[in-house]
1. Please give the charge dipole size of the stretch 23-156, origin at the Cα centre, charges +1 on K and R Cβ atoms and -1 on D and E Cβ atoms. Round to the nearest 20 debye.
2. Could you please rank V116, V148, placing first whichever residue has the fewest other Cβ atoms within 10 Å of its Cβ?
3. Which residues' amide hydrogens lie under 5 Å from the amide hydrogen of D58, considering only partners 5 or more residues apart or on another chain, with H built in the peptide plane?
4. Check cross-link reach from K33 to the lysines: straight Cα distance under 30 Å, and skip same-chain residues fewer than eight apart.
5. What translational diffusion coefficient, in µm²/s and rounded to a whole number, does the Stokes-Einstein relation yield for the stretch 55-133 at 4 °C and a viscosity of 1.567 mPa s, taking the hydrodynamic radius as the Kirkwood radius over Cα pairs?
6. From the gyration tensor of the Cα coordinates in the stretch 23-156, what semi-axes in whole Å does the equivalent ellipsoid have, largest first, with each one equal to sqrt(5λ)?
7. P(r) for the stretch 105-164: what percent of alpha-carbon pairs falls in each 10 Å bin, starting at zero?
Amino acid sequence: MKKIIFSILALLIASSILCQEKIDYKNEKDAIKAVIESEAISHYDRDWEKQSKSFLQDESFIGLASSKAGYMYAIGWEEANHIYEGIYERNPRPSAYRLQNTNYKIKVYKESAWAVYDQIIRNSQDELLRKYICVRFLEKVNGDWKIVYISYVNTTSYDESEVQ
């Protein structure tokens with residue numbers, strides 16, 4: 001009897017493992033990068049309608065940014081939406097700045113992912129304006145990746161220091 005129960009349990013565990021949905025990590029990482037790139041480009045294009053589609057628009061959204069000039073902290077979509085609308089009212093014209101995201105580190109789970117990467121902003125004369133370390137946490141909603149946490153630190157705002 002013990003052998004039968006053990007065999008049934010082993011069969012259930014094996015079938016559970018085999019039936020689990022496989023994650024195509026390369027495709028998921030590419031899709032995540034596309035959302036991140038679209039969000040950033042639409043920000044500089046001042047296309048709030050397109051940019052806002054990159055975000056999970058509910059009370060779980062969090063935005064956090066820091067530089068020498070100060071910081072931004074928004075909890076929930078309503079607060080973030082209000083902050084972004086204010087930014088676009090003060091700066092309505094599309095920016096000529098160019099951005100480059102590099103050094104992506106992305107960890108993908110079945111329904112969520114996080115990404116850490118570097119972002120460089122240059123002007124139209126190719127002069128370095130700012131460097132950021134960016135963090136994004138995303139959730140998969142109806143098959144689409146949505147940013148639920150956005151964070152960045154403007155590293156050019158601070159003096160370089162040695163880590164001890």
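A short reminder: the numbers here are calculations on the coordinates, not readings from a lab. In this text, all values refer to a predicted model and were calculated from it rather than measured experimentally. Cβ sites come from the backbone with ideal geometry, for glycine too, and all protein chains shown count toward neighbours.
1. Charge dipole of the stretch 23-156: 540 debye, to the nearest 20.
2. Lowest to highest Cβ neighbour count: V116, V148.
3. Correct list: W77.
4. Qualifying lysines at Cα under 30 Å: K22, K50, K53, K68, K105, K107, K110, K131, K140, K146.
5. Rounded, D is 87 µm²/s.
6. Equivalent ellipsoid of the stretch 23-156: 23, 18, 14 Å, largest first.
7. 20, 36, 28, 15, 1
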